[in-house]
Amino acid sequence: MPDRTELPHVSSGADDAVRPGPSRRPVEAVLFDFHGTLAQVEEPLAWVLAAASACGVELDRIRATSLADRLLTAGRAGGPLPARVPPRLAELWADRDLYPHAHRGAYTGLAETVDTGIDGFADALYERVLVPEGWVPYPDTAPVLGALRSAGVKVAVVSNIGFDLRPLFAAWDFDALVDAYALSYEVGRCKPDPGIFLRACGMLGVDPERTLMVGDTPADAGAVAAGCGVLVLPCADAGRPNGLGAVLDLAGAA
């Protein structure tokens with residue numbers, strides 16, 4: 001990204017032909033957020049139907065839609081955030097991105113606030129977030145990661161999360177395109193804490209000033225405090241383009 005805003009140049013003569021353009025720091029590495037940037041959780045109806053099926057229950061569409069609406073209000077791993085966190089879950093909720101047990105406990109606890117009448121349903125809903133079938137990579141994810149690899153630009157995934165993302169990337173054949181993972185529950189820091197971005201840069205062996213962080217929330221913009229450039233994308237629904245291709249222009253890998 002540009003070091004600073006450049007003022008427009010006003011022509012002053014023939015020497016313009018050899019005048020250098022605006023300076024740009026070369027991007028040696030790109031840090032990517034996961035959810036909402038590289039992949040999105042499956043559609044709510046599919047989520048509920050798959051979890052019910054794992055419990056041996058076949059739901060009709062009307063009941064599944066009703067349950068999905070109520071469960072989304074209660075709070076789902078991968079979003080949206082809960083309308084209210086019960087006091088008994090407050091501690092787990094606060095620690096959800098730092099410890100696997102807290103992540104599972106917080107989200108299964110939220111699901112259990114909805115009376116579904118299905119034994120084991122809360123755990124089955126949570127299990128969907130742990131498997132590749134529960135996620136949909138954005139259409140540009142594979143092409144962008146592949147182009148960065150071809151251009152020699154290093155890549156890390158930086159995520160506030162309470163479980164390991166590596167099996168998902170391996171299942172999608174993306175693992176060879178990612179050099180490092182800075183996951184909050186492993187690092188002990190959560191975005192926007194600059195520490196997690198600095199750890200990712202250290203894993204890649206790159207200077208933060210030559211690194212671009214790409215995400216979809218203000219927490220991702222916390223990388224500015226670590227010295228990184230930042231690109232914040234709109235969070236799109238599963239399967240829809242989210243503008244990820246802009247990374248290639250900024251990284252000089254188009």
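In the range 122-129, is there at least one residue being small (Gly, Ala, Ser), within 30 Å of Cys228 (Cα to Cα), out of contact with any Asp or Glu (no Cβ under 6 Å at 6 or more places or on another chain) and outside any loop (DSSP other than H, G, I, E, B)? No: the range 122-129 contains no residue that is small (Gly, Ala, Ser), within 30 Å of Cys228 (Cα to Cα), out of contact with any Asp or Glu (no Cβ under 6 Å at 6 or more places or on another chain) and outside any loop (DSSP other than H, G, I, E, B). Kindly indicate whether Gly243 is buried (at least 19 other Cβ atoms within 10 Å of the Cβ), closer than 13 Å to Thr37 by Cβ and touching a Leu at 6+ places or on another chain (Cβ under 9 Å). It is false that Gly243 is buried (at least 19 other Cβ atoms within 10 Å of the Cβ), closer than 13 Å to Thr37 by Cβ and touching a Leu at 6+ places or on another chain (Cβ under 9 Å). Residues that are touching a residue at least 40 places away in the same chain (Cβ under 8 Å), not hydroxyl-bearing (Ser, Thr, Tyr) and not in a loop (DSSP other than H, G, I, E, B) occur at least once in the range 73-95. The condition (being surrounded by fewer than 15 Cβ atoms within 10 Å (Cβ to Cβ), polar (S, T, N, Q) and at negative phi) is satisfied by just one residue among Ser159, Ser184, Ser150: Ser150.
Taken over the range 48-72, the residue count meeting the criterion of being in a helix (DSSP H, G or I) and open to solvent by 80 Å² or more (accessible area, probe 1.4 Å) is 6. When Val224, Val214 are checked against the criterion of being crowded, with 18+ Cβ neighbours inside 10 Å, at negative phi and not polar (S, T, N, Q), Val214 stands alone in meeting it.
All of Arg189, Arg199 fail the test of being open to solvent by 50 Å² or more (accessible area, probe 1.4 Å), in a helix (DSSP H, G or I) and modelled with pLDDT of 95 or more, apart from Arg199.
The values are calculated or read from the model by the stated rules, or taken from the named source; none is laboratory data. Every value quoted in this text rests on a predicted model; they were computed, and no experiment measured them. Heads up, the Cβs are rebuilt from the backbone with ideal geometry, glycines too, and the neighbour counts pull from every protein chain shown. For the accessible areas, the whole protein counts, side chains as well, though only heavy atoms, and no ligand, DNA or RNA atoms are used. Shrake-Rupley method; radii C 1.70, N 1.55, O 1.52, S 1.80 Å.
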